[in-house]
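The values are calculated or read from the model by the stated rules, or taken from the named source; none is laboratory data. Being a predicted model, the structure only gives us computed values, none of them experimental. Every residue, glycine as well, gets a Cβ built from its backbone with ideal geometry; the counts of neighbours run over all protein chains shown. Accessible surface areas use protein heavy atoms only, side chains included; no ligands, DNA or RNA. Shrake-Rupley method; radii C 1.70, N 1.55, O 1.52, S 1.80 Å.
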Amino acid sequence: SDAICNFVICNDSSLRSQPIIFNPDFFVEKLRHEKPEVFTELVVSNITRLIDLPGAELAQLMGEEDPKLPGTNNTASGFFRSLMTLKRKEKGVVFGSPLTEEGIAQVSQLIEYLHKNLRAEGLFRVPGNSIRQQILKDALNSGTDIDLDSGDFHSNDVATLLKMFLGELPEPLLTHKHFHAHLKIADLTLFDEKGNKTSTPDKERQIEALQLLFLILPAPNRSLLKLLLDLLYQTAKKQDKNKMSAHNLALMFAPHILWPRNVTANDLQENITKLNNGVTFMIKHSQKLFKAPAYIRECARLHYLGSRAHASKDDLDLLTSPGSKELQPLKSQKRSRLDSCHQEETQQRTEEALKELFRHVHNMPDSAKKKKLLRQFNKHSAALTPGSEVLMSPAPRRTRSRSFSGLIKRKVLGTPVILERRSRDATPEPERVSKENIHLLQKCGSPAHMSQAKLKSSEGRKEESCRRMRGHLLPKDSSSL
């Protein structure tokens, strides 16, 4: 009942035989396009759950601070960095310019050609002809159509030009902001039974972290990265012909897609191995990295379908369709049944817990603590469940004091003291009628007679009790008085 089916009616008979393409990341892309702030917060919160990013590195990932990259404070290699900057100073329409959709469309011609020529030995390692590369570069910058299948160019020319395009981008394809996050992903390893880190990489967590990190890449970078990693994956599958494994390809492309710009190998030092291994991992698992995790898909779907306030006009039309109207009562009934079952289960668990607690207290040895607990049980018996009330035995009532002073007060003062105490109580108990009062009530037959009889009997009892007390208190030899 939770599924919403969309039926598309097509009147064109030529298109009916075409397969229907379903994009599982539709709502993810919709949320990314319409509400980028909500989307970024959702993804970054899950990235920080997987990898430890301090405040500065998290601010760099979010774009709130400029990324602090290795080699920026090192003056030893300043000459080499300035030389590399001069090489990139001359910008073209495609080469050396920020990544755009137009540039991707031009470079995609190179990628399509290389897919057809993956068997060339030493592909991406053996350099091509510099003259042919310059002709091809000028043609791409001018936007003219190129016939790569004419035979005028070699696959090594095209492969070298592709690396040149990536190397001349203002920043690496994976961006400067994500540099520290990729270093942390390379450090994700498994834990042993004692909870200690091992040297074995945690592939599942690495894949999940890369999936999330790729989701917040700029759209052009993500599109080109997908095309590039798919090409390198297909190239590595033909390594028996081209002699280029995933690790060899990573050595060729890590400086262009992951290394920060204007740095040398000395600036990176021990991080070179991490970066190369990270690119190798991306190539091997490229077919999994561009799918959003299942929980991100569900959050994006619920963001639009879970509330009408967030739904667009098209989504509202789908939700108000006749089919969806029939689904709404089913959903409400299902939720009500689930809520009632949950309440019954919670009530049952509460009763069982109270019963077990009462048995434990009842089996305790007699002590002041046990009596206190039993009084608490009886005090809150009204708030407990019906099942627990059956088990509880009423606490024994405290007997009245039978001291001699209390007996004197009751004998001397009599009924007025008791009546005064009962009048002060907020919730008086019903009077206990003695046998004499019952006899008087039957004899008199009216309330007035009953009150007069009570007064007479009480006065008689007072006089008799006073005579008895005087008889007990006076000494036997009363002649001295």
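Averaged per residue, region 132-243 has 45 square angstrom of accessible surface, using a 1.4 angstrom probe with ligands and nucleic acids left out.
With r defined as the distance between the Cβ atoms of His154 and Arg49 and R0 fixed at 56 Å, what FRET efficiency is calculated, to the nearest 0.05? Computed FRET efficiency for His154 and Arg49 comes out at 0.70. Of the GluC sites (Glu not before Pro) found in region 205-301, those that fall in a DSSP loop while having at most 12 other beta-carbon atoms within 10 Å are Glu270.
Using a simple spin-label model with pseudo-atoms 7 Å out from Cα toward Cβ, Glu37 and Asp187 lie 3.2 nm apart. For region 171-318, the share of accessible area belonging to carbon and sulfur comes to 52 percent (1.4 Å probe, ligands and nucleic acids excluded). Sparsely packed loop sites in region 209-305 (the trypsin sites (Lys or Arg not before Pro) outside DSSP H, G, I, E and B with at most 14 other Cβ atoms within 10 Å) comprise Lys238, Lys243, Lys288. Leu58 sits with roughly 50 Å² accessible to a 1.4 Å probe, with DNA, RNA and ligands left out of the calculation. Counting 0.36 nm for each residue step from Arg297 to Thr350 and taking away their Cα separation leaves a gain of 15.4 nm.
Calculated from the alpha-carbon coordinates, region 123-245 shows an Rg and a Dmax of 18.9, 63 Å respectively.
Suppose R0 equals 30 Å. What FRET efficiency, 1/(1 + (r/R0)^6) with r the Cβ-Cβ distance, do Leu251 and Asn129 give to the nearest 0.05? Walk me through the intermediate numbers first.
On the way: r = 23 Å, r/R0 = 0.75.
Efficiency, rounded to the nearest 0.05: 0.85.
Note on Lys197 and Leu357: their simple-model spin labels are 4.4 nm apart, each label 7 Å out from Cα toward Cβ.
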